[in-house]
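Quick notes on the structure that follows.
The values are calculated or read from the model by the stated rules, or taken from the named source; none is laboratory data. This structure is a prediction, so every number in the text was calculated from the model and none was measured. Ideal geometry is used to build each Cβ from the backbone, glycine not excepted, and the neighbour counts take in all protein chains shown.
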Amino acid sequence: MHDELTKVDIRKMQEEIDERKARNASLRENVRAAKELGDLSENDEYRSARREFNRNNSRIEYLENMIRTAVIIEDDSASDAVGLFDKVTIYYEDDGEERTIRLVTTLRNDVLSDFISKESPLGLALMGKKEGDRVLVKVNDRVSYYVLIKSIEKSDEDPDIPISKF
């Protein structure tokens, strides 16, 4: 299993790892200080500090694994086709709404900010298509819908798009 990520994704993950590793000493000290407060069976401060320390280390392990298994990609789409980091205005035929989204790597997916993963059903359906194409988005075996590509704005990777903190 691997994740398709860009060089910027890798850099951003390494920056987060470095930040979290630097924070580890203070988190470890918080655990030690809370442990000294007494009976661990009734010590909420200790449980909370331990949970935060473990959460931090789990995130480090997760990011390191993603880097280790990543396949580096670049946008190689045609100049008139939807590609990675492009802004795409689509029209939903079922409800008559229009929406502008930006296709990103899975690591930067944020639906509420209209950053849609290229590996999501919508992203997969749009990649490589052209302006004016009517595209079937297949969510699963029972659910699908059509969108119309109204416009494509070619874009380069924006390093300011944050990685997801999920």
Query raised in the report: Considering only residues of the range 14-48 that are among the aliphatic types (A, V, I, L, M) and at pLDDT below 95, which is farthest from ASN65 (Cα to Cα)?
Result: LEU37
Query - Test set (1) modelled with pLDDT of 90 or more; (2) outside the structural domain of VAL143 (by TED's automatic domain parsing) - GLU97 fails condition number - result: (2)
**Report entry** Qualifying position, being over 20 Å from GLU74 (Cβ atoms) and in contact with a helix residue (DSSP H, G or I) (Cβ under 7 Å, 6 or more places away or on another chain), among SER164, SER144, SER151, SER113
**Finding:** SER164
**Report entry** Tally, over the range 53-71, of residues that are at pLDDT 95 or above and not in a helix (DSSP H, G or I)
**Finding:** 0
Report summary line: The condition from (1) touching a residue at least 12 places away in the same chain (Cβ under 8 Å); (2) assigned by TED's automatic domain parsing to the domain that holds LYS129; (3) among the aliphatic types (A, V, I, L, M) that VAL82 misses is numbered (2)
Report summary line: The condition of being surrounded by fewer than 16 Cβ atoms within 10 Å (Cβ to Cβ), closer than 30 Å to SER144 by Cα and aliphatic (A, V, I, L, M) holds, among ILE101, ILE73, ILE90, only for ILE73
